[in-house]
């Protein structure tokens, strides 16, 4: 499932998008139709597939429950942590990658674009947290893997599927994966870390980083 849902991103960028010495950084344009197509044509069906497999293996009780107080607490911890890690990686990459092209995203323009962007970011946050933090933890537990090894493997897979963002993007995903895994392990609150993930992505878009 990982190869089908997440590895295509590996082939779309490589370690160093853009060319060294380029005058302008490479920019990912925000196009409403493409975002809707990706969200409705890929993200939503992928979420449904993961949910179906969980039900198939253990019934509806395997699905995450409704939001609870722990979700809001995990959101309050995870979101500032993600923003802090993103800032650190941004500063370090700027210091060590001066004069090279980096991957940028275009800020959405207009009310409709912003609404679509939030919808897209939140759904992506749910997909990645549902799979990497929830689904994989259940599957690794069934396989008899130790908790530390299971977390390390899920974080490695999480960072690998972000490698199209470049070396620094993959490193940011690796550190973010550790943070989100620790928060999830403590609170078992999937919704909170999915909200934090989605809001972090939205922050990146709104700031055109």
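With respect to residue 73, is the statement that it is farther than 22 Å from residue 173 by Cβ, touching a helix residue (DSSP H, G or I) at 6+ places or on another chain (Cβ under 8 Å), surrounded by fewer than 16 Cβ atoms within 10 Å (Cβ to Cβ) and touching a residue at least 60 places away in the same chain (Cβ under 8 Å) true? Explain how you work it out, then say what you get.
On the way: farther than 22 Å from residue 173 by Cβ: yes; touching a helix residue (DSSP H, G or I) at 6+ places or on another chain (Cβ under 8 Å): yes; surrounded by fewer than 16 Cβ atoms within 10 Å (Cβ to Cβ): yes; touching a residue at least 60 places away in the same chain (Cβ under 8 Å): yes.
It is true that residue 73 is farther than 22 Å from residue 173 by Cβ, touching a helix residue (DSSP H, G or I) at 6+ places or on another chain (Cβ under 8 Å), surrounded by fewer than 16 Cβ atoms within 10 Å (Cβ to Cβ) and touching a residue at least 60 places away in the same chain (Cβ under 8 Å).
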Those residues of the range 57-70 which are modelled with pLDDT under 90, surrounded by 10 or more Cβ atoms within 10 Å (Cβ to Cβ) and either touching a helix residue (DSSP H, G or I) at 6+ places or on another chain (Cβ under 7 Å) or part of a helix (DSSP H, G or I) (or both), in sequence order: 57, 58, 62, 63, 64
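From the list 132, 140, pick out the single residue that is touching a residue at least 40 places away in the same chain (Cβ under 8 Å), within 24 Å of residue 181 (Cβ to Cβ) and crowded, with 17+ Cβ neighbours inside 10 Å.
Working: 140 fails: touching a residue at least 40 places away in the same chain (Cβ under 8 Å).
Residue meeting the stated conditions: 132.
Restricting attention to the range 120-129, does a residue exist that is surrounded by fewer than 16 Cβ atoms within 10 Å (Cβ to Cβ) and out of contact with any helix residue (DSSP H, G or I) (no Cβ under 6 Å at 6 or more places or on another chain)? Explain how you work it out, then say what you get.
Keep residues of the range 120-129 that are surrounded by fewer than 16 Cβ atoms within 10 Å (Cβ to Cβ), which gives none.
No, that holds for no residue.
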Total residues in the range 156-204, condition over 18 Å from residue 27 (Cα atoms) and either touching a strand residue (DSSP E or B) at 6+ places or on another chain (Cβ under 8 Å) or not in a helix (DSSP H, G or I) (or both): 3
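Among the candidates 78, 113, single out the residue that is surrounded by 13 or more Cβ atoms within 10 Å (Cβ to Cβ), at pLDDT 95 or above and on the phi < 0 side of the Ramachandran plot.
Among 78, 113, only 78 is surrounded by 13 or more Cβ atoms within 10 Å (Cβ to Cβ), at pLDDT 95 or above and on the phi < 0 side of the Ramachandran plot.
The values are calculated or read from the model by the stated rules, or taken from the named source; none is laboratory data. This one's a predicted model, so the numbers in the text were calculated from it and none came from an experiment. Positions of Cβ are generated from backbone atoms using ideal geometry, with glycine treated the same way; all protein chains shown enter the neighbour counts.
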